[in-house]
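Enquirer: Here's a structure for you.
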Amino acid sequence: MNRILSLHIPALLLLALVIGCKKDNYEKPSSTLSGKVVYEKDAIGLRSNGVQLELWQKGFELFTKIPVYVAQDGTFSASLFDGAYKLVRLPGNGPWVNNTDSIDVTVSGNTVIDVPVQPYFVVRNAAISKAGSTALTATFSIGKVSDGRALESVTLFVGKTSIVDAVNNLGSVAVNGADITDITVPVTINMNIPGSLTGQSFFYARVSIKTAGVAEQIYSQPVKIE
Amino acid sequence: MKRNYIYSLMVTGLFLLTSCMKDWLDREPRTILSDEQVWNDPKQIVALLANFYDRIPAESGLTDINDGADGRLFQWRNMANYDEGMWSGQSNEDGRNNITSYGFNSWYLWNYTYIRDINLALENIEKYGVSLSATAKQQYSAELRFLRALNYFNLVKRMGGVPLVTTQLIYDYSGNVSNLQLPRAKESEVYDFIAAEVDAIKEVLGNAGSTTRANKYTALALKSRAMLYAGSLAKYNGLMAAPITMPGGEVGIPAALAESYYQKALAASKEIINGGPYTLYKNNPDAGENFYEAVTKKANNKEVIFVKDFLLPTRKHWFSYDNIARGVREDNLGSSSVVPSLNLVESFEYKDGSNGALKIRTADNSDFIYYDNVSDVFANKDARLYGTIIYPGTSFKSLAVSIQAGVMVWNSGRNAYDVVEGSDLGTTYSDGKLLTGTSGPHRSIQEVSNTGFYLRKYIDPNDKTSTRGVQSDVWWVWFRLGEIYLNAGEAAFELGLTGEALTYINALRERAGFGMNSLTSLTIARIRNERRVELAFEDHRLWDLKRWRLADKVWNGSSSNPDAMIYALYPYRVIRPGDANRDGKYVFVKMVAPRFRAPRFFQLGNYYTAIDQSVLNNNPKIIKNPFH
């Protein structure tokens, strides 16, 4: 008898706990809002976890934002409850022209949206390749999309993983905007591969454009260098 | 008869009761002070002022208070958040070595409770202080206005322009609060307010000679610093590729105003230097000890202008317990929490004025430079290095601080050194001599320096002050003459008065062990470096980099940028028998501090702290700062 009791008590307790947990808890959000930040249908290259979008939902007492971080390939996703949200592109946050118009989003099940933005500059036709065994050459065109802000610099970044940007890198070479006299001509950046990467069988490289007065840069997609 | 007796007793009782009741409802409360009592009694007013002085916020400090809503911000731990130092204490705070980016709400302050308390005090002293003398009333009011101006300075340097509230805001129960919702003032207006308040009160402040209560020169010191900030904000914001401004001027000061602000900063600084009772502290003939005493020594210190004082045995703090060098600690726990970085050590110049980078490798980088003594690599450095930092080969409290990371044993087979480090402190190598010093450095043990350096500034030199039982009463310096010299020098330089700037900067350098007139030419970079080394750990570095608009360049978040990383210097003893030129000597290895994980990352959106959503919700006239 004792043996049966002692065997069953933990099981009963566990059952009680499981039931108890379930009883008065909220359902977790089951829908997903996902999408990408685009210009002319192309996703925009960004710094990993650098740019944030905000979701706001009216009608609740606690009126606070839901931050949504954009990944480096321009995609984002958030787990949400079904409902009507407003999606805000934070002013001065991404490498694009401020547009504080909110986007109405109705989340119902898995919802996919594109967030259109108007960048100041875009990277076009980025080609990065090894020149010999110790040098790297990047060539790309700068596409000017919006007026109003000056080109501050362009930079070539290298790193061990595909997450490579101004913060995550093992080396970089920057060219000042003032040294680029004609932005319609493709820009070439040369770099000596840092010692920490010369022994690697492969690494990643990426180019970026920095607009004056904008914290975040706009990037090409990372290129695997073998 | 018996009944008569009872009746008479009752009547007497009733009589007693009624007589007691007479003033029952008109008694003075015994536990509550009335406004009339408070505002007519100088002792009560001073007690209240003490509370207001105690609530002056600072990014760092010597105690551990963090109550931003009230403005009680005074946290020494934050010293480990910038490039002066890092965290080497208990590993539960290693997040300070791993700040992937400063949050947009960092340095948040919105302490209008404090401003309301001061405004209320100012109004009550006028209303109720009928039996105070006119001079006393004037003086207390001036003191309150100084504290309010200082607080607005603390607000504006963090948030940009904030609502200027100078009277109590009282709700009239009409259901309409729009008259209480004040918009943000322009950033320049807040600085102008500070200057105007200082000018209005400086002659009536009294408290001459006090270092803990505001006097004329304390107010001028505030003006000197605030006007310098305003001037450099105007100038360097304008020089940015894209200045940070808002259309209403809530942030961003027009570049055209820079000159007038610099002139005000210079004038206020000169008034202190020429008219004040202060002199640079030069009581100790040893320049390094002298600099240490200039900040920490209380007796006969003519340099400090305004301090937050502590007094044993009751008003004390834990700073020495938490930060004393490991090998000389007096308690069995604590020590070594904030340790200086090699970055800071190398910013101290050599006495001949050359770059302060330590010479640890030969010119062609093929071999170490071998030193006879572990302290020789620091020879001929700016004496302020000794006064600020405990480096290998120095002592504290008359005890040698043993700093050695391990030994380098020559391996002739490999033609290279084998690096041997101890798993514990104070260990000996197989040759019977020291392996790892009692103060480390060590790569992983907590409460041991991770950089190879320890703090000297603010650590109490007296016996047993680093124990939990005694604790320390070293004071925190808000303003001292050294800073005023630097303010004057920078303002004069920006105004093109290089000759005048040189006299101020050279005076400070002379005190630091440089020769007479050690500089003959100046650059802004040099002045900035002087500020960095003179005012290290005194809550200036962050604000200086912000106002020069350099923070996002220096702390750019890139691990390949040496300024954004915290470096360490590990000394090793060489074991190379048969090579008399090298055996038994010391070499140094520079590395990223092992416990340091993420580069410092300051974004454009950090120049002005994000205003809390609750503030925006409550007052629709408040607008957000840029980038948020």
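Enquirer: Among the listed pairs A:Lys41/A:Lys210; A:Lys160/A:Lys210; B:Lys223/B:Lys302; B:Lys43/B:Lys457; B:Lys457/B:Lys590; B:Lys546/B:Lys585, give every one whose C-alpha distance is greater than 31 Å.
Expert: Exceeds cut-off: B:Lys43/B:Lys457; B:Lys546/B:Lys585.
Enquirer: Can you give me the convex hull volume of the Cα atoms of chain A, divided per residue and expressed in Å³?
Expert: So the per-residue Cα hull volume is 186 Å³.
Enquirer: Considering only protein heavy atoms and a 1.4 Å probe, what is the carbon-and-sulfur percentage of the accessible area of the range A:31-116?
Expert: It is 51 percent, rounded to a whole number.
Enquirer: Across the protein assembly as shown, how large is the tail of the calculated P(r) beyond 39 Å, expressed as a percent of all Cα pairs?
Expert: Result for the distance tail: 51 percent.
Enquirer: How do the peptides B:193-204, B:125-136 rank, highest first, by the average count of neighbouring beta carbon atoms within 10 Å per residue?
Expert: Ranking, from highest mean packing down: B:193-204, B:125-136.
Enquirer: Rounded to the nearest 500 deg cm²/dmol, what is the calculated helix-only ellipticity per residue at 222 nm for the protein assembly as shown, with -39500 (n - 2.57) per DSSP H run of length n ≥ 4?
Expert: That calculation yields -9000 deg cm²/dmol at 222 nm.
Enquirer: Seen from all sides and averaged, what is the projected area of the convex hull of the Cα atoms in the range B:220-344, in nm²?
Expert: 12.9
Enquirer: So how tilted is helix A:2-23 from the main axis of chain A? Cα-based, degrees 0 to 90, rounded to 10.
Expert: 60
Enquirer: If I stretch the segment between A:Val175 and A:Val145 completely, what's the gain in nm (0.36 nm per residue apart, minus their alpha carbon distance), one decimal?
Expert: 8.8 nm
Enquirer: Still on this structure: Sort out for me the Cα centre separation of the range B:470-531 from the range B:276-347, rounded to whole Å.
Expert: The range B:470-531 and the range B:276-347 have Cα centres separated by 19 Å.
Enquirer: When all alpha-carbon pairs of chain B are counted, what percent fall beyond 39 Å?
Expert: Of all Cα-Cα pairs in chain B, 37 percent lie more than 39 Å apart.
Enquirer: For the protein assembly as shown, with only Lys/Arg (+1) and Asp/Glu (-1) charged at the beta-carbon, what is the dipole magnitude about the Cα centre, in debye rounded to 20?
Expert: 940
Enquirer: Ignoring ligands, DNA and RNA, how much accessible area is buried between chains B and A, both sides summed, with a 1.4 Å probe, to the nearest 100 Å²?
Expert: What B and A bury together is about 1200 Å².
Enquirer: Still on this structure: Please compute the length gained on full extension between B:Thr279 and B:Leu497, using 0.36 nm multiplied by the number of residues separating them and subtracting their Cα-Cα distance.
Expert: Result for the pair: 76.2 nm of gain on full extension.
Enquirer: Hey, another quick one. Counting only protein heavy atoms, probe 1.4 Å: which residues of the range B:224-271 lose 40 Å² or more of accessible surface in the full assembly compared with their chain by itself?
Expert: B:Ala241, B:Ala242
Enquirer: OK, next. Using only the alpha-carbon atoms, how far is helix B:187-201 inclined from the longest principal axis of chain B? Give it as 0 to 90 degrees, nearest 10.
Expert: 70
Enquirer: A further question on this structure: Ignoring ligands, DNA and RNA, please state the percent of accessible area on the range B:1-133 from carbon and sulfur, probe 1.4 Å.
Expert: 59
Enquirer: Shifting gears a bit: Residues of the range A:162-176 that become at least 30 Å² less accessible with every protein chain present than in their own chain isolated, using 1.4 Å: which are they?
Expert: A:Val167, A:Asn169
Enquirer: What angle, in degrees between 0 and 90 and rounded to the nearest 10, separates the Cα long axis of helix B:498-511 from the longest principal axis of the Cα atoms of chain B?
Expert: Helix B:498-511 sits roughly 80 degrees off the main axis of chain B.
Enquirer: Okay, next question. May I ask you to work out the translational diffusion coefficient for the range A:31-116 at 25 °C, viscosity 0.890 mPa s, via Stokes-Einstein with Rh from the Kirkwood sum over Cα pairs, reported in whole µm²/s?
Expert: 187
Enquirer: Please work out the FRET efficiency for the pair A:Ser30 and B:Arg3, using the Cβ-Cβ distance as r and a Förster radius of 56 Å; give the result to the nearest 0.05.
Expert: 0.05
Enquirer: If you roll a 1.4 Å probe over the range B:266-394 with all protein chains in place, what percent of the accessible area is carbon or sulfur?
Expert: The computed percentage sits at 49.
Enquirer: Convert 4 °C to kelvin, take the viscosity as 1.567 mPa s, use the Kirkwood radius over C-alpha pairs of the range A:121-225 as Rh, and evaluate the Stokes-Einstein diffusion coefficient in µm²/s, rounded to a whole number.
Expert: So the translational diffusion coefficient is about 94 µm²/s.
Enquirer: Based on a Kirkwood Rh over C-alpha pairs, give the Stokes-Einstein translational diffusion coefficient of the range B:25-172 at 37 °C and viscosity 0.692 mPa s in µm²/s.
Expert: Once the numbers are plugged in, D ends up at 184 µm²/s.
Enquirer: Which value, in Å², gives the accessible area per residue of the protein assembly as shown when a 1.4 Å probe is used on the protein heavy atoms?
Expert: Per-residue value: 44 Å².
Enquirer: Quote the FRET efficiency, to the nearest 0.05, computed for B:Thr523 versus A:Asp82 with a Förster distance R0 of 56 Å and r equal to the Cβ-Cβ distance.
Expert: Once the sixth-power term is evaluated, E becomes 0.35.
Enquirer: Roughly what percent of Cα-Cα pairs across the range A:97-162 reach past 15 Å?
Expert: Roughly 71 percent, rounded to a whole number.
Enquirer: Sticking with this one: For a quick protection proxy, order the peptides B:614-620, B:37-43 by their average other-Cβ count within 10 Å, most packed first.
Expert: With the highest mean Cβ count within 10 Å placed first, the list reads B:37-43, B:614-620.
Enquirer: Over all Cα pairs of the range B:460-566, how is the pair count split among 5 Å bins, expressed in % and running from 0 up to the last occupied bin?
Expert: Cα pair-distance distribution for the range B:460-566, in percent: 2, 10, 17, 18, 14, 13, 11, 8, 4, 1, 0.
Enquirer: Report the calculated FRET efficiency for B:Arg468 and B:Asn617 (r = Cβ-Cβ distance, R0 = 45 Å), to the nearest 0.05.
Expert: The pair B:Arg468/B:Asn617 has a calculated efficiency of 0.55.
The values are calculated or read from the model by the stated rules, or taken from the named source; none is laboratory data. Quick caveat, the model's predicted, so the values are computed rather than measured. A quick note on method: Cβ atoms are made from the backbone with ideal geometry, for glycine too, and the neighbour counts reach across all protein chains shown. Note: areas computed on protein heavy atoms with side chains; ligands, DNA, RNA excluded. Shrake-Rupley method; radii C 1.70, N 1.55, O 1.52, S 1.80 Å.
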